[in-house]
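The values are calculated or read from the model by the stated rules, or taken from the named source; none is laboratory data. As the structure is a computational prediction, the values presented were derived from the model and not from experiment. Here the Cβ positions follow ideal geometry from the backbone for every residue, glycine too, while neighbour counts run over all protein chains shown.
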Amino acid sequence: MADTKYIFVTGGVTSSLGKGIISASLAKLLQARGYSVTIQKFDPYINIDPGTLNPYEHGECYVTEDGHEADLDLGHYERFINIPTSRANNITTGRIYQNVIEKERRGDYLGKTVQIIPHITDEIKRNVKLLGTKHKFDFVITEIGGTVGDIESLPYLESVRQLRWELGKNCLCIHLTYVPYIAAAKELKTKPTQHSVKQLQEVGIQPDILVLRTEHELTQDVRRKVALFCNVEPNAVIQSIDVPSIYYVPLKMQEQKLDEVVLQKTGMPVHEAPNLGPWKTFLNRMTDAEKIVKIGLVGKYVELPDAYKSINESLFQAATYNDYKLKLVFIHSEKLTDENAAEKLGDMDGILIAPGFGQRGIEGKFVALKYARENNIPTLGICLGMQCMVIEYARNVLGYKEANSTEMDIKTPYNVIDIMEEQKNITHMGGTMRLGAYDCELKEGSKAAEAYGKTSISERHRHRFEFNNEYKDAFEAAGMKCVGINPDTNLVEVVEIPELKWFIGVQYHPEYNSTVLNPNPLFVNFVKAAIENIKK
Ligand code: GLN
């Protein structure tokens, strides 16, 4: 087997250029050529992980199978390359420093002064190589968060510089920049790209490939000019133009032979381009779909497009696999009342109640659930959404007027959702929830089992509270069934009301493992039920 190749992806000029999507697209193309590929993200902030960040700061918190709270780019990686990521795929500055400080306290540095260079940079390099040496991937793509020029990214760039030197041909740098279009002059401007590359060169890194994000086609002249000023070959100047869906990006990159340039530069054989069959089939179904299914997403972060990223993508995949176009309507839970519920929800084919934490917006979720239940609209509740399903049912069907989760009301007389036993003594917030994949046994004949087409499943979690089993009999007698149970702990993972068309709440997050080529069956089945609801 050839040595592992390390590819670094940096960004310049501005943030939000889509480094994650470019990394994932390149990974997809290399994977389609038969290579084993993984993608890793370095985030230059001091938090140990994004688990303690709220969505306003950092969008959705993604969760890996092994229970790591991670950057949402890992979600893109999994959706594109269809293999699970892990704790090793997302490292923050906080974790690098924590490891170095722990080593210092243990005495590992034998009396040396501990410094950014070499100790922090060595720790960064160790984490880059870990995926190559331990897991033996052919390609490790490392995305460096932030923008070149940020103070925070300097140690990472220094590590890249050193690795470039150590690894020679086995290492490659891709730099993403932005080419603005000045409408008044009708011109695309390359100066920001030139400056950004200069900044990289100042820290000793010569990019091998430039990916230019643009809203207009780049002419050959523009490409030649960038190549000339930035010391890269013209065929290594790639444009990343706006496309209607991020899932087109791999095709756009393949058209311009990004993968071939990478193979050439890393000294690998270049065979014929793979045809990306199943990926294209997905894209065709997406473009061919005409009929619309309307899903209302009820949550409190509706103004933030990234807050429910994986849910949006899962719904979109599910609609595509049902040959429908998704119309996702964000419904602000804080603005929902019994008075306006019909106006805001009456038109929805299906309703999804979002996950979340804390009191804010919770009453609106009860309003939505009552409306959905009474009007028999297909509904999926995820995590807090499932817990709200249970509380709403307790209040309005079982007659437990003050039922609640002890997360919202510690003194509730009906603690139908309560803190998990093992969570009671936890005082630290970081990384201490019930996290990662757990098994669940579904009841034969339940709607959930039908959706999955099997009874043994494993799904990822992120919560501290749970369904209180003391109330199980009361719920089941009234018609809300506990149809998914963790075989080891007896925790309730899935509830449903079989009498209704489709009314399922899951304690776990099915959105985390839904990928383009392997959509989560619960979402596909939920959207199918929503579509059947239109037809009626
Ligand atoms: N706040 C709830 C809990 O901790 C639900 C969490 C979530 O929706 N991810 O149990």
| query | Do the conditions hold for residue 283, that is, is it under 25 Å from the mean Cα position of the chain (by Cα), surrounded by fewer than 22 Cβ atoms within 10 Å (Cβ to Cβ) and either part of a strand (DSSP E or B) or in contact (Cβ under 8 Å) with a residue 60 or more places away in the chain (or both)? | reply | no
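Got a number for residues in segment 475-498 being part of a loop (DSSP other than H, G, I, E, B) and over 29 Å from the mean Cα position of the chain (by Cα)?
4
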| query | Which of the residues that make up segment 441-464 are in contact (Cβ under 8 Å) with a residue 60 or more places away in the chain and within 16 Å of the ligand (Cβ to nearest atom)? | reply | 460, 461, 462, 463
| request: Starting from residues that are among the β-branched types (Val, Ile, Thr) and under 27 Å from residue 477 (Cα atoms), keep the ones in segment 491-534 and report whichever is surrounded by the fewest Cβ atoms within 10 Å (Cβ to Cβ). | output: 497
| task | With the checklist (1) within 12 Å of the ligand (Cβ to nearest atom); (2) of a type in the set (Val, Ile, Thr); (3) in a loop (DSSP other than H, G, I, E, B) in hand, flag the one item residue 390 doesn't pass. | result | (3)
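Could you tell me whether residue 397 is within 16 Å of the ligand (Cβ to nearest atom), within 17 Å of residue 497 (Cβ to Cβ) and not small (Gly, Ala, Ser)?
No, not satisfied.
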| request: Pull up segment 478-499, narrow it to residues that are in contact with a Ser or Thr (Cβ under 8 Å, 6 or more places away or on another chain) and of a type in the set (A, V, I, L, M), then point me to the one that is nearest to residue 460 (Cα to Cα). | output: 494
| Test: residue 385 is of a type outside the set (S, T, N, Q), within 16 Å of the ligand (Cβ to nearest atom) and closer than 11 Å to residue 298 by Cα | yes
| query | Of all residues in segment 110-122, which are over 20 Å from residue 172 (Cα atoms) and either at pLDDT 95 or above or not in a loop (DSSP other than H, G, I, E, B) (or both)? | reply | 113, 114, 115, 116, 117, 118, 119, 120
| request: Among the residues of segment 363-382, count how many are near the ligand (Cβ under 10 Å from one of its atoms) and either small (Gly, Ala, Ser) or assigned to a helix (DSSP H, G or I) (or both). | output: 1
| query | Quick one: how many residues across segment 400-409 are within 16 Å of the ligand (Cβ to nearest atom) and either in contact (Cβ under 8 Å) with a residue 24 or more places away in the chain or acidic (Asp, Glu) (or both)? | reply | 5
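So that you can scan it fast, the table gives a plain yes or no per residue for (1) more than 18 Å from residue 502 (Cα to Cα); (2) in a strand (DSSP E or B); (3) aromatic (Phe, Trp, Tyr); (4) touching a Leu at 6+ places or on another chain (Cβ under 9 Å):
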| site | (1), (2), (3), (4) |
| --- | --- |
| 451 | no, no, no, yes |
| 457 | yes, yes, no, yes |
| 460 | yes, yes, no, yes |
| 473 | yes, no, no, no |
| field | Residues that are surrounded by fewer than 17 Cβ atoms within 10 Å (Cβ to Cβ), farther than 20 Å from residue 215 by Cβ and at pLDDT 95 or above, drawn from segment 167-198 | value | 198
